[in-house]
Amino acid sequence: MALLHISLHPPSPLSFQRSSTTIPALIFSRHSSAKLHQRGIKLAAAALPSESAIADFWRWLRERGTLTQPPPPVRPAVVPEGLGLVAERDMLRNEVVVEVPKKLWINTNTVAASEIGPVTLGLKPWVAIALFLLREKAMGAASLWRPYLDILPPETDSPIFWSEEELSQMRGTQLLNTTFGVKEYVQNEFTKVEDEVILPNKHLFQKTINSSDFLWAFGILRSRAFSGLRGDKLVLIPLADLINHNSSITSEDTCWEIKGKGLFSRELIFSLRTPASVNTGEQIYIQYDLQKSNAELALDYGFIESNNKSRELYTMTLEISESDPFYGDKLDIAESNGLGETAYFDIVLDRPLPPLMLPYLRLVALGGTDAFLLESLFRNTVWGHLELPVSRANEEMICRVIQDSCTSALSYYQTTVEEDEKLMERGGLDPRSEIAIGIRSGEKKVLLQIEQVFGARESELDTLEYYQERRLKDLGLSGEQGEIIFWESK
């Protein structure tokens, strides 16, 4: 029988990937389609950097050689989302917004060249950079990076920073489980680096670094790193990382590049371009990542696109049980077709089921009189058979298991879709409540859709054509209406 786990699989370090398409990070604000979805939705006034801090940051950029002549056509400014880049003049599509030289990037090379470089060798890139940020932050005015660190937010609206009361609004969701998993992962990494690096080198880390500090650094890295510059390539790009996200931008191909500049193009720079024309005084936006789900957007950046159905998904986890008497054969067949003992299927709202989901379900449920298909004789053709209904018993089992699992998953939510929609229509919600309601509503819609799909399929069981009928037709022993043809000698 299929084992259906209604949860996202545990995230991997700084590379939280969805199962079927490239995930991530990681899901989540309700705005009409005319409004904007970007990082740092409506930060509280206390969380915003002061005008003097922004001016110091601009001065620091100039002193470090980022603001060359002519000056960039943008300036950092306080915007409804927090900080953003605002055009100083009219700009055309694909025009350069800012160019940041490599000497201002913060990556593993930056860490290696610092005082803590020797003690961070062998650490995960994000852990090394997190330690660098925290140490520089603790140094205060003595740090060359202070003007940049002073404009970073104390937290984002990512669920990793939510209180228990705020998290309770997401009870029953996959995102809640993912959030707990991410926080546990960060805590484990902190415990390890504290024992192996921080405590043995107190002369380098003179101020206490706690797990909350480490979580802050993790959140900053997740929210500010550009898509494509994560994992081993992880880097922070001061000034460029102030750019916010807009759901109306539907291309992420031309917004940035790393290129050579100067004599023989030896100096690397990060060049940011605007993907759309903007007028003087308007904020410049990019598309963060078209492939991220709402859960990933929320976990990485602290917002969602609640009116974008393509970002609403639910991940179903299916598994071949080790107690299955045909475990070995089923695993071999799954692996021969690019799957494994456990398979993750992302079901997107108003989209067809993933093409490999039904064959895998039929394989997991295969047994009884259908088990002959697992014999080595069928090994090269069995997947083709699984792409179509095998038997009424097999198809009925997967329909009932999926429907029962959806019903069970829906029972863990505290509200219905209708109740969530009324809350959203009423308005007056804080950003985190909007995220929580948007996430749980989206998940429930997908679950109801899955339940409906398999319910409809169950009602059609008597009209489906199964393996035996297809086989008889292939042998010429069955008519068009499924009747058995008897051959009599003359």
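The values are calculated or read from the model by the stated rules, or taken from the named source; none is laboratory data. Bear in mind the structure is a predicted one, so any value in this text is a computation, not a measurement. No Cβ is skipped: glycine too gets one built from the backbone with ideal geometry, and neighbour counts run over all protein chains shown. These area figures cover heavy atoms from the full protein model, side chains too; ligands, DNA and RNA do not enter into them. Shrake-Rupley method; radii C 1.70, N 1.55, O 1.52, S 1.80 Å.
Quick look at the numbers
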| read-out | value |
| --- | --- |
| Over the stretch 170-329 - Rg/Rh using Cα atoms and the Kirkwood inverse-distance radius | 1.07 |
| Separation in nanometres of the label points that stand 7 Å from Cα toward Cβ, at T250 and E164 | 4.6 |
| The stretch 233-391: relative contact order as a whole-number percent, Cα under 8 Å and 6+ apart | 15 |
| Gap separating the Cα centres of the stretch 207-263 and the stretch 114-187, nearest whole Å | 13 |
| Of all accessible heavy-atom area on the chain, the percent that carbon and sulfur account for (1.4 Å) | 51 |
| Share, in percent, of DSSP beta bridges within the stretch 51-301 that are antiparallel, nearest 5 | 90 |
| Listed residue (A436, L386, Y467) projecting farthest to the positive dipole end of the stretch 309-470, Cβ model | A436 |
| Accessible-area ranking of K124, K207, largest first, probe 1.4 Å | K207, K124 |
| Net lengthening on full extension, D332/Y412 (0.36 nm per residue, minus Cα-Cα) | 25.3 nm |
| Extended-chain gain in nm, criterion 0.36 nm per residue less alpha-carbon gap, K259 and L388 | 41.4 nm |
| Förster radius 45 Å - calculated FRET efficiency between L377 and N188 (Cβ-Cβ, nearest 0.05) | 0.40 |
| Given charges at beta-carbon only (K, R positive; D, E negative), |dipole| of the chain in Debye | 2100 |
| Sequence-separation-based contact order of the stretch 51-301, relative, with Cα cut under 8 Å and 6+ spacing, percent | 32 |
| Cross-link partners of K207 among aspartates and glutamates (Cα-Cα below 13 Å; sequence separation of 8 or more within a chain) | E136, E194 |
| Global form of the stretch 51-301, assessed from the alpha-carbon gyration tensor, a/c cut-off 1.5 | oblate |
| Neighbourhood charge, 15 Å Cβ-Cβ cut-off, centred on P352 and excluding it, Lys, Arg +1 and Asp, Glu -1 | -1 |
| The chain, accessible area per residue, ligands and nucleic acids excluded (1.4 Å, Å²) | 47 |
| Options (1) 28.3; (2) 30.4; (3) 34.7 - which one matches mean projected area of the Cα convex hull in nm² as calculated here | (2) |
| Full-stretch length increase - D404, A113 - with 0.36 nm per residue and alpha-carbon distance subtracted | 99.1 nm |
| Count of lysine pairs in the stretch 309-470 with Cα separation under 18 Å (8 or more residues apart, or interchain) | 4 |
